[in-house]
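Taking it in order: structure first as structure tokens, then the write-up.
The values are calculated or read from the model by the stated rules, or taken from the named source; none is laboratory data. All figures in this text were calculated on a predicted structure; none of them were measured in a lab. Every residue, glycine as well, gets a Cβ built from its backbone with ideal geometry; the counts of neighbours run over all protein chains shown.
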Amino acid sequence: MIARILRTELRRSSALAAGGLVVVLGVAGLYSMAMTDQTDIWDTEWTVLAVFQRIMLAVLWPLALGAGAWQARRDRRTRMEELLSTTPRPAWRRVLPTSAAMAICLTIGYVALLAAGAIRVAGNTDYRPAGWIPIALVGALSLIAAGWLGMGIGRLVPSTYTPPVLAVAGFLVLLVPVQVGKDGPISNISLLAPLFSGPSDEFTTVAGAVNAGQAVWFAGLALGGLALLMVARRRWMAVAAVPVVAGLLIAVPLLDSAPEGGFQADLVAASEVCTADSGPVVCVTKVHEDGLSALTGPARRALTLLAKLPDAPTSVHEVTGSRPGPQPAAEVWFHSDNYRLGHGWESSGDELVVRVLAGAGTRPCPDQNGDVDYRTRAIVSAWLYGQYPAPGPKATGEEAAARDAAWQALRALPADEQLRRVTAVRQEGLACASTGSGAR
Amino acid sequence: MARVVDPAELAPTRYAWEIEAEGLRVKAGRRLAVDGLDLRLGTGVHGLLGPNGAGKTTLIRALATVLPPAGGKLELLGQSIGGRSNLRALRRKLGYLPQEFGYYPKFTVREFVEYMAWLKEMDGSQIVGAVQRAIDRVGLTDRADDRMKTLSGGMLRRAGIAQAIVNDPDILLLDEPTVGLDPAQRLDFRTLLRNLGERACVLVSTHLVEDVAAVCTHVVLMEEGRMVFRGTPDDLVAAGGTGDLGDSPIERGYSALLARHRGVTR
Amino acid sequence: MRFVTLYLRSRQVPAALAIALVSAVLVAQLRSESADPQQGFVSTLLALALGLAVLGYGLGGPDAELERTAAIAWFPRRAAQVLAMAVVVAGGVLLSSAVPAGVILRDAAGLAGLTALTATLLGRQLAWTLPVAWTGAATVLAPVADAPVLRALSWPMQAPDDLTASIIACGLGVGGLVLYAALGCRVERGRQGS
């Protein structure tokens, strides 16, 4: 029988509207990025999508709070309270179908949103990790917590003004960050919110401790909201504080042990996939596996061109910007920003060779000011390739003139001096510590 | 349509009267609306008459266990009400239609009556049949799957009656049940009440004295929180004469009794 | 004067006024002296939305059908109510926030019109939904809005001299006001309580 009642509640209560709102607003948010061609903020990879969807909870979470409060007022709004007080079924069993309906609809809304984004992501990458599933699950759990907490507070304070006040309070709590965390003994307190501080890329993932801590915290919030709904007498509503406080006590140490912001490097995504045939080894990161075949040819040509140098490298590796140096002399390191998920390498053929040769096969290295000397890298690359200007994007204006001058200066030197200069550039690049991003 | 009869229903009852009140006092807000009422109602259809403000609705709400008694003794189906008694078992056998009938507008009639049946902890396997039966008895069969917000006032009232009778209650409390019903529907309703009164104690509070005359086996007249008269409708008619106000014999009896009571208390 | 008092009391406006003003003033003062002006902006905007959302409940009476049968001219009275709502909330927020007055007035006008529009479309119980949702979404969207369409959608958060935002605020304000004054609150079939 409770299944029939649940079906009725699913169809007739405002849970359906709440779920629909989640889908509509979420999809609008995701695809509005398409207007400025910024969809690569979320559509590159599964983990990136899951994290961005959590950021969108900034709008969805407070509205779920308001929707819950609205739902909880239904009995008072429709004047059913008197009739309900004459029925034998205890209050805690009476609210089960409504709460379940709200939780189901919000979860389905969140999953539908994920599916809407997944359409694009599935087209962009074949890399199917599992690390994004906990991120999305915690997001759905936080939405359920918002719905139930809203219902509980709506029952605690059954005023007409509870839904708007609660929704605005939700926005404030999420958007006006609590400064306590920044200076106090507990860092990462901002992770108690369902959001993340910013979008991620395909090489970062959320730390497991963060997922676990947030899951416990939101479960505590959800149970607290449910307790507020279920208690028969108002004086017992203090019992709802128990799961919330318990969740907080368990979650805070877990969150505290995680890295700043909750993100950590995704080692699985950055692990290497290499060629297995007889030629020189060419490796790419696992998440960029699709680009291995396109890179192999140009990379091997680059290796033959680099053979002029003493201590010539024998393999090409694609590495992320966060990989710590120093670079082994036997390897060419190619920065992972050169690959765009869903689009492939930034260039192909000869241009790709030139890219691999940039800086004589080293990553871009920022100095103290954060500037990268792209000019030297381009000149060296052209020298190794044997042609100036080398195939690829051309510099313009002042930069072009400066590069021409540098090239002339280099060619004016005797041949072994040129070789020594180029080798020196490579040595400098090898000694570079971890870099940021940069793809030249 | 046969229904499954629980053996407990056929056992002899352990109480003499379904509703028994002695010196009952009930407060509505801060006002003492029912002041020292004695009542003994058994199986049958009982009419509750009285002017506005007499305390009829407060009495019915107290009998429906919405309001706790402020004093005196109240026993429903042999169970004493008041203090911290567990009312769940009693409420399973109760049916109540409030004067201001609140409902969920988005629910259909069937869904609403099912929901109320579930709330009354009816046996899950019997709910669907009982709901259909209740809807048929009030004559809403063709509107059973329409949303409640599309119903007219009279049909809403009938839906309210349906939810009150769905669990075949032993005590049925109806506050102004015939509001909005057209004459034909009122006739059907009287037949329904007579059927219900064969097995249950039905208390109907109404202003329509013709309904009382036609259906009730027993009439209670209240004024200012106290009982003024109890007896059969014929006794009520006999109390009035040609000099009293009213267009029908029973109305004349009603105003005669009220005048007599007011004359006594003034 | 008696009519005004009774009218406002029938819609529970006195209580709503107190709640709206107190909450709007409190919220607008949140983080208003923080180093990041953006945060002060956000709390001011949410204060406006909250005040208007609370007062939006008073845009409808308990029995809209009954009021429709009245002989008096509703248009100027309803328009006056929306204007008064905007003025009161804007005043409260102006006094407690450091955000430029032009932004507050523009956003109050636009959001009041939006509240009135929502009351006409969805009824007085749900008149709070669109203003609160749009404001919240705008505060989140504004930092990442580059396209003109997205900037237009996040009009409450734009600078005081932004022409598109002013046009949209005017349009919403006037459009919502006129529509509500002409049509009144949506009639709910079936009695709806408080």
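Has region B:48-69 got any residue that is more than 14 Å from every other protein chain (Cβ to nearest Cβ), farther than 26 Å from B:Ala213 by Cα and in a strand (DSSP E or B)? Outline the logic, then answer.
From region B:48-69, those more than 14 Å from every other protein chain (Cβ to nearest Cβ) are B:48-56, B:59, B:69; that's our starting set.
Cutting the leftovers down to farther than 26 Å from B:Ala213 by Cα gives us B:69.
Now drop any that are not in a strand (DSSP E or B), which leaves none.
Checking region B:48-69: not a single residue is more than 14 Å from every other protein chain (Cβ to nearest Cβ), farther than 26 Å from B:Ala213 by Cα and in a strand (DSSP E or B).
With the condition kept exactly as written, say whether any residue in region B:165-175 is of a type in the set (S, T, N, Q), touching a helix residue (DSSP H, G or I) at 6+ places or on another chain (Cβ under 8 Å) and under 18 Å from B:Val109 (Cβ atoms). Full working, then the answer.
To start, the set of residues in region B:165-175 that are of a type in the set (S, T, N, Q) comprises B:167.
If we keep only those that are touching a helix residue (DSSP H, G or I) at 6+ places or on another chain (Cβ under 8 Å) too, we end up with B:167.
From what is left, the residues that are under 18 Å from B:Val109 (Cβ atoms) are B:167.
Yes, some residue in region B:165-175 is of a type in the set (S, T, N, Q), touching a helix residue (DSSP H, G or I) at 6+ places or on another chain (Cβ under 8 Å) and under 18 Å from B:Val109 (Cβ atoms).
Would you mind stating whether C:Val82 is under 20 Å from C:Val174 (Cβ atoms), under 13 Å from the mean Cα position of the chain (by Cα), free of Cβ contacts under 8 Å to residues at least 24 places away in the same chain and more than 14 Å from chain A (Cβ to nearest Cβ)?
On the way: under 20 Å from C:Val174 (Cβ atoms): yes; under 13 Å from the mean Cα position of the chain (by Cα): yes; free of Cβ contacts under 8 Å to residues at least 24 places away in the same chain: no; more than 14 Å from chain A (Cβ to nearest Cβ): yes.
No: the conditions fail for C:Val82.
Of the conditions (1) more than 9 Å from every other protein chain (Cβ to nearest Cβ); (2) more than 20 Å from B:Tyr96 (Cβ to Cβ), B:Lys149 satisfies every one except a single condition; which number is it?
Among (1) more than 9 Å from every other protein chain (Cβ to nearest Cβ); (2) more than 20 Å from B:Tyr96 (Cβ to Cβ), B:Lys149 violates only (1).
Residue by residue through region B:182-200, note down the ones that are outside any helix (DSSP H, G or I) and over 26 Å from B:Thr13 (Cβ atoms). Outline the logic, then answer.
To start, the set of residues in region B:182-200 that are outside any helix (DSSP H, G or I) comprises B:182, B:197-200.
The answer is B:Asp182, and nothing else.
If I filter region B:87-98 down to residues being over 17 Å from B:Met148 (Cα atoms) and more than 7 Å from every other protein chain (Cβ to nearest Cβ), which single residue comes out as surrounded by the most Cβ atoms within 10 Å (Cβ to Cβ)? Walk me through it before giving the result.
Residues of region B:87-98 over 17 Å from B:Met148 (Cα atoms): B:87-96.
From what is left, the residues that are more than 7 Å from every other protein chain (Cβ to nearest Cβ) are B:87, B:89-90, B:93, B:95.
On the way: B:Leu87: 17, B:Ala89: 12, B:Leu90: 19, B:Lys93: 19, B:Gly95: 26.
If we take residues in region B:87-98 being over 17 Å from B:Met148 (Cα atoms) and more than 7 Å from every other protein chain (Cβ to nearest Cβ), then B:Gly95 is surrounded by the most Cβ atoms within 10 Å (Cβ to Cβ).
Collect the residues in region A:192-218 that are crowded, with 24+ Cβ neighbours inside 10 Å and assigned to a helix (DSSP H, G or I), keeping them in residue-number order.
Scanning region A:192-218 gives A:Val210, A:Gly213, A:Gln214, A:Trp217, A:Phe218.
Is there a residue being within 18 Å of the chain's Cα centre (by Cα) and small (Gly, Ala, Ser) anywhere in region B:136-150?
The first filter runs over region B:136-150 and keeps only residues within 18 Å of the chain's Cα centre (by Cα), leaving B:137-138.
Checking the rest, the ones that are also small (Gly, Ala, Ser) come to none.
Checked region B:136-150: no residue is within 18 Å of the chain's Cα centre (by Cα) and small (Gly, Ala, Ser).
With the condition kept exactly as written, say whether any residue in region B:30-39 is of a type outside the set (S, T, N, Q) and not in a strand (DSSP E or B). Walk me through how you get there before you give the answer.
Here is the first cut: in region B:30-39, the residues of a type outside the set (S, T, N, Q) are B:30-39.
Checking which are not in a strand (DSSP E or B) leaves us with B:30.
Yes; the residues of region B:30-39 include at least one that is of a type outside the set (S, T, N, Q) and not in a strand (DSSP E or B).
Looking at region A:135-176, which of the residues that are closer than 24 Å to C:Leu45 by Cα and not in a helix (DSSP H, G or I) is farthest from the other protein chains (Cβ to nearest Cβ)?
A:Ser159
If a residue counts only when it is touching a strand residue (DSSP E or B) at 6+ places or on another chain (Cβ under 6 Å) and surrounded by fewer than 21 Cβ atoms within 10 Å (Cβ to Cβ), which helices (runs of 4 or more DSSP H) contained entirely in region A:237-322 have at least 2 such residues?
Details: elements: A:241-256, A:267-270, A:292-306.
Counting at least 2 such residues, we get A:292-306.
Mind checking which residues of region C:61-73 are in contact (Cβ under 8 Å) with a residue 40 or more places away in the chain, surrounded by fewer than 16 Cβ atoms within 10 Å (Cβ to Cβ) and assigned to a helix (DSSP H, G or I)? Working first, answer last.
Pass one, region C:61-73, residues in contact (Cβ under 8 Å) with a residue 40 or more places away in the chain: C:61-62, C:64-65, C:67-68.
Subsequent filtering for residues that are surrounded by fewer than 16 Cβ atoms within 10 Å (Cβ to Cβ) retains C:62, C:65, C:68.
C:Glu65, C:Arg68 - these are the residues of region C:61-73 that are in contact (Cβ under 8 Å) with a residue 40 or more places away in the chain, surrounded by fewer than 16 Cβ atoms within 10 Å (Cβ to Cβ) and assigned to a helix (DSSP H, G or I).
Using the structure shown, decide if A:Ala406 is of a type in the set (A, V, I, L, M), under 35 Å from the mean Cα position of the chain (by Cα) and either surrounded by 12 or more Cβ atoms within 10 Å (Cβ to Cβ) or not assigned by TED's automatic domain parsing to the domain that holds A:Glu346 (or both). Spell out how you get there, then give the answer.
Details: of a type in the set (A, V, I, L, M): yes; under 35 Å from the mean Cα position of the chain (by Cα): no; either surrounded by 12 or more Cβ atoms within 10 Å (Cβ to Cβ) or not assigned by TED's automatic domain parsing to the domain that holds A:Glu346 (or both): yes.
Here the answer is no, as A:Ala406 does not meet what is asked.
Only one residue in A:Gly349, A:Gly359 is within 13 Å of A:Cys432 (Cβ to Cβ), touching a residue at least 12 places away in the same chain (Cβ under 8 Å) and assigned by TED's automatic domain parsing to the domain that holds A:Leu305. Which one? Reasoning before the result, please.
Numbers: A:Gly349 fails: within 13 Å of A:Cys432 (Cβ to Cβ).
Criteria check complete, one pass: A:Gly359.
Hey, does region A:96-105 have a residue that's of a type in the set (A, V, I, L, M), more than 27 Å from the chain's Cα centre (by Cα), under 27 Å from B:Glu121 (Cα atoms) and surrounded by 24 or more Cβ atoms within 10 Å (Cβ to Cβ)?
Here is the first cut: in region A:96-105, the residues of a type in the set (A, V, I, L, M) are A:96, A:100-104.
After this cut, where a residue has to be more than 27 Å from the chain's Cα centre (by Cα) as well, the list is A:96, A:100-102.
From what's left, under 27 Å from B:Glu121 (Cα atoms): A:96, A:100-102.
Narrowing further to those that are surrounded by 24 or more Cβ atoms within 10 Å (Cβ to Cβ): A:101-102.
For region A:96-105, residues of a type in the set (A, V, I, L, M), more than 27 Å from the chain's Cα centre (by Cα), under 27 Å from B:Glu121 (Cα atoms) and surrounded by 24 or more Cβ atoms within 10 Å (Cβ to Cβ): present.
Take the residues in region B:123-137 that are among the aliphatic types (A, V, I, L, M) and farther than 13 Å from B:Ala164 by Cβ; name whichever of them is farthest from the other protein chains (Cβ to nearest Cβ). If you could, list the steps in order and put the result at the bottom.
From region B:123-137, those among the aliphatic types (A, V, I, L, M) are B:127-128, B:130-131, B:134-135; that's our starting set.
So of that shortlist, the ones also farther than 13 Å from B:Ala164 by Cβ come out as B:127-128.
Numbers: B:Ile127: 6, B:Val128: 8 Å.
It comes out as B:Val128.
Given the residues C:Leu141, C:Leu163, C:Leu105, C:Leu172, which is the only one that is within 14 Å of chain A (Cβ to nearest Cβ) and of a type outside the set (Phe, Trp, Tyr)? Please lay out each step first, then the result.
On the way: C:Leu163 fails: within 14 Å of chain A (Cβ to nearest Cβ); C:Leu105 fails: within 14 Å of chain A (Cβ to nearest Cβ); C:Leu172 fails: within 14 Å of chain A (Cβ to nearest Cβ).
C:Leu141 is the lone residue from the list that is within 14 Å of chain A (Cβ to nearest Cβ) and of a type outside the set (Phe, Trp, Tyr).
Considering only residues that are crowded, with 20+ Cβ neighbours inside 10 Å and among the acidic types (Asp, Glu), which ones fall in region B:18-36?
Result: B:Glu18, B:Glu20.
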